[in-house]
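Report on one structure; see the data block that follows.
The values are calculated or read from the model by the stated rules, or taken from the named source; none is laboratory data. Keep in mind that what you see is a predicted model, and the values were worked out from it rather than measured. Note that we place each Cβ from the backbone using ideal geometry, even for glycine, and neighbour counts take in every protein chain shown. Surface areas here come from the heavy atoms of the whole protein model, side chains and all, with no ligands, DNA or RNA. Shrake-Rupley method; radii C 1.70, N 1.55, O 1.52, S 1.80 Å.
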Amino acid sequence: ISRSVRPHEFETMRKFMIDIINTLDVGANATRVGVVQYSSQVQNVFSLKSFSKKQDMVKAINQIIPLAQGTMTGLAIQYAMTVAFSRGEGARPGIPDVAVIVTDGRPQDRVAEVAAAARNRGVEIFAVGVARADMTSLRAMASPPLETHVFLVESFDLIHKFGMQLQGTICVVDLCAEGKHECEHICASSPGSYTCSCRVGYTLKQDKRTCKMINYCSFGNHSCQHECVSVLNGYFCRCHEGYTLQDNGKTCLQDDLCNTVEHGCQHRCVSTPGSYFCVCPEDQQLQEDGKSCGTCRSANIDLVLLIDGSKSVRPQNFELVKKFVNQVVDSLDVSAHGTRVGLVQYSSRVRTEFPLSRYQAAEDIKNAVMKVEYMEKGTMTGLALKHMVENSFTEAEGARAASRNIPRVGLVFTDGRSQDSIAEWAKKAKDAGVTMYAVGVGKAVEDELREIASEPVDKHFFYSTDFTAINQIAENLKLNVCAEESQGEVEVKDPCACDSQVDFQQATMTALEQLGQKHILCLSTPGEKRHPVYSI
């Protein structure tokens, strides 16, 4: 703004700039505007990056104070080319740089060379002269074609009306058509700028340039029973593994895998969601392979024996206890995948002689049993039960995982009253799923044995008056290895009981009768009655 521009003429020029801005689509991602005032020097009023709202630009224009000096138009063009249209001031790559130079006089410096350099740099120059402006200088500054880039207004009174005409000329550039945009899908031109949009099925991202597929599942109205999968222009429902999508496209029905796969079940296959399992007849148990069935005798158990090593047992009887243990082992199918056996001795303290994981053969177990040393001292049966529950049936000591449903069996052997309470840990053992057997000899207390034993107590509790009879208990003790048959199978008779004596007497009489029929001697003298003599 040189000194030749009068104050009221400057106000008209101010309104001209505001009119131009009001016709533009202004924004950080649309048209950016900067204003430079020049006379004998150059003043940057605001840069391209300064404002993104029209009201802020208008406010800054209204605050301009005219410099009122010379007319150094070449200097102004040089500033615009090197500073105003730089990246640091807010110019963007790929976006046209447009300069509108408004002057009312002849430049006091050379403009032709610097204007040509600016045009070569890609700056499109519009030259607007008012009143006393020199047409030759205007033509030297402007970009070709000159007919659309050079304007001469007769007076300042008409300059603001000229704004609409100039705006239409400036915005004739179609940025979308020239490919000077960053739209991923669709570009729509607007005055001096452009806007982006997306194809059907996509939505514009926050950068207002790139697009993303619409997630139709996120609307919450898909009604899919299991999974919703968003695709272009819609969605579809999908079922979890083991289920099939129904004709309505929404709900899922569980597959019967037993009818669709080679399950290999020996007896019967039962389908579950996405899987299946095999079951066996009531009198058989599922084997290790999870498919075949076997009898109760060939099934597997985890067996822990608790043997009393208190001083009341005495060394010679302790040897009988060890033989009792080995008789029990002889009746089992011992192997790594079959029955596992662990042994715990207790007196005033508890000692694991060997855990369930130690031995995988019956002979190894029997050899280890015979090497067990007698502890002596007290009778802490409750402490032994606690040790069994907390340690012996853990996976760390060789018990198989509870999920495998391998029956867990505990057998307690004692010869006397416990010196601590057994109630709590006897209950916890049974609550933990351990089938408990109680074997007592001599001074063992029947009530304690019954408290230890599982239901039905009469099938899990045994007693003998002295140690010499415990081999009979071991012979008759058939541990129930089938969980579903754990009741009613074992029946051991006390050899001293009345029923046993009657049975023995009947068996003896039967044997005598059979022998008598085979070996009969008739001893007689003449005239005497003959009597049969039984030879046994």
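Within this structure, S403 passes the test of being within 26 Å of T339 (Cα to Cα) and either in contact with a His (Cβ under 8 Å, 6 or more places away or on another chain) or open to solvent by 10 Å² or more (accessible area, probe 1.4 Å) (or both). Of the numbered criteria (1) modelled with pLDDT of 95 or more; (2) touching a Cys at 6+ places or on another chain (Cβ under 9 Å), the one P407 fails is (1). In the set E373, E395, only one residue is open to solvent by 40 Å² or more (accessible area, probe 1.4 Å), under 17 Å from F318 (Cα atoms) and free of Cβ contacts under 8 Å to residues at least 40 places away in the same chain; that residue is E373. For the stretch 13-48, give me each residue that is over 14 Å from A76 (Cα atoms), more than 53 Å from the chain's Cα centre (by Cα) and among the hydroxyl-bearing types (S, T, Y). Matches in the stretch 13-48: T23 only.
Taking K59, is it part of a helix (DSSP H, G or I) and farther than 22 Å from M135 by Cβ? Yes.
The condition of being surrounded by fewer than 20 Cβ atoms within 10 Å (Cβ to Cβ) and not in a loop (DSSP other than H, G, I, E, B) holds for only one of I101, I18, that being I18. Got at least one residue in the stretch 420-431 being over 17 Å from H387 (Cα atoms) and either of a type in the set (D, E) or not in a loop (DSSP other than H, G, I, E, B) (or both)? No, that holds for no residue. Residue count for the stretch 376-392 under the criterion of being within 19 Å of V341 (Cα to Cα) and open to solvent by 60 Å² or more (accessible area, probe 1.4 Å): the result is 2. Take I125 and decide whether it is at pLDDT below 95, part of a loop (DSSP other than H, G, I, E, B), open to solvent by less than 20 Å² (accessible area, probe 1.4 Å) and of a type outside the set (D, E). So I125 fails the test. Any residue that is in contact with a strand residue (DSSP E or B) (Cβ under 6 Å, 6 or more places away or on another chain) and not acidic (D, E) - is there at least one of those in the stretch 5-16? Checking the stretch 5-16: not a single residue is in contact with a strand residue (DSSP E or B) (Cβ under 6 Å, 6 or more places away or on another chain) and not acidic (D, E). The residues of the stretch 410-455 that are crowded, with 24+ Cβ neighbours inside 10 Å and β-branched (V, I, T), listed by number, are V412, T414, I422, V439, V441, I452. Scanning the stretch 34-51 for residues that are out of contact with any Leu (no Cβ under 7 Å at 6 or more places or on another chain) and open to solvent by less than 20 Å² (accessible area, probe 1.4 Å) gives V35, F46, S47.
Okay, residues lined up against (1) under 41 Å from the mean Cα position of the chain (by Cα); (2) in contact (Cβ under 8 Å) with a residue 24 or more places away in the chain:
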position: D255; (1), (2): yes, no
position: C258; (1), (2): yes, no
position: S271; (1), (2): yes, no
position: G274; (1), (2): yes, yes
position: V279; (1), (2): yes, no
position: Q285; (1), (2): yes, yes
position: D289; (1), (2): yes, no
position: L303; (1), (2): yes, yes
position: I307; (1), (2): no, yes
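Given the criteria in contact with a Lys or Arg (Cβ under 6 Å, 6 or more places away or on another chain), at pLDDT 90 or above, assigned to a strand (DSSP E or B) and open to solvent by less than 40 Å² (accessible area, probe 1.4 Å), does C278 qualify? For C278, the condition - in contact with a Lys or Arg (Cβ under 6 Å, 6 or more places away or on another chain), at pLDDT 90 or above, assigned to a strand (DSSP E or B) and open to solvent by less than 40 Å² (accessible area, probe 1.4 Å) - is met. Against the list (1) part of a loop (DSSP other than H, G, I, E, B); (2) in contact with a helix residue (DSSP H, G or I) (Cβ under 8 Å, 6 or more places away or on another chain); (3) open to solvent by 20 Å² or more (accessible area, probe 1.4 Å); (4) of a type outside the set (D, E, K, R), the condition I65 fails is (2).
Taken over the stretch 22-39, the criterion of being touching a residue at least 40 places away in the same chain (Cβ under 8 Å) and either small (G, A, S) or in a helix (DSSP H, G or I) (or both) is satisfied by G27, A30, G34. Here E376, E353 are screened, and the one residue that is part of a loop (DSSP other than H, G, I, E, B), within 26 Å of R450 (Cα to Cα), among the charged types (D, E, K, R) and touching a helix residue (DSSP H, G or I) at 6+ places or on another chain (Cβ under 9 Å) is E376. For the stretch 328-339, the condition of being within 18 Å of R400 (Cα to Cα), open to solvent by less than 10 Å² (accessible area, probe 1.4 Å) and among the hydroxyl-bearing types (S, T, Y) holds for at least one residue.
Scan the stretch 235-253 for residues that are assigned to a strand (DSSP E or B) and without any contact (Cβ under 8 Å) to a residue 24 or more places away in the chain and the total you get is 7. Consider G88 carefully, then state whether it is under 21 Å from V35 (Cα atoms) and in contact (Cβ under 8 Å) with a residue 24 or more places away in the chain. Here the answer is no, as G88 does not meet what is asked. Could you please tell me which pairs satisfy a Cβ distance under 7 Å, a separation of 6+ or placement on different chains, a first residue in the stretch 145-157 that is on the phi > 0 side of the Ramachandran plot, and a second residue that is acidic (D, E) and assigned to a strand (DSSP E or B)? Qualifying pairs under 7 Å: none. State whether the residues of the stretch 415-433 include one that is under 22 Å from D302 (Cα atoms) and among the polar types (S, T, N, Q). Looking for residues that are under 22 Å from D302 (Cα atoms) and among the polar types (S, T, N, Q), one finds none in the stretch 415-433, hence no.
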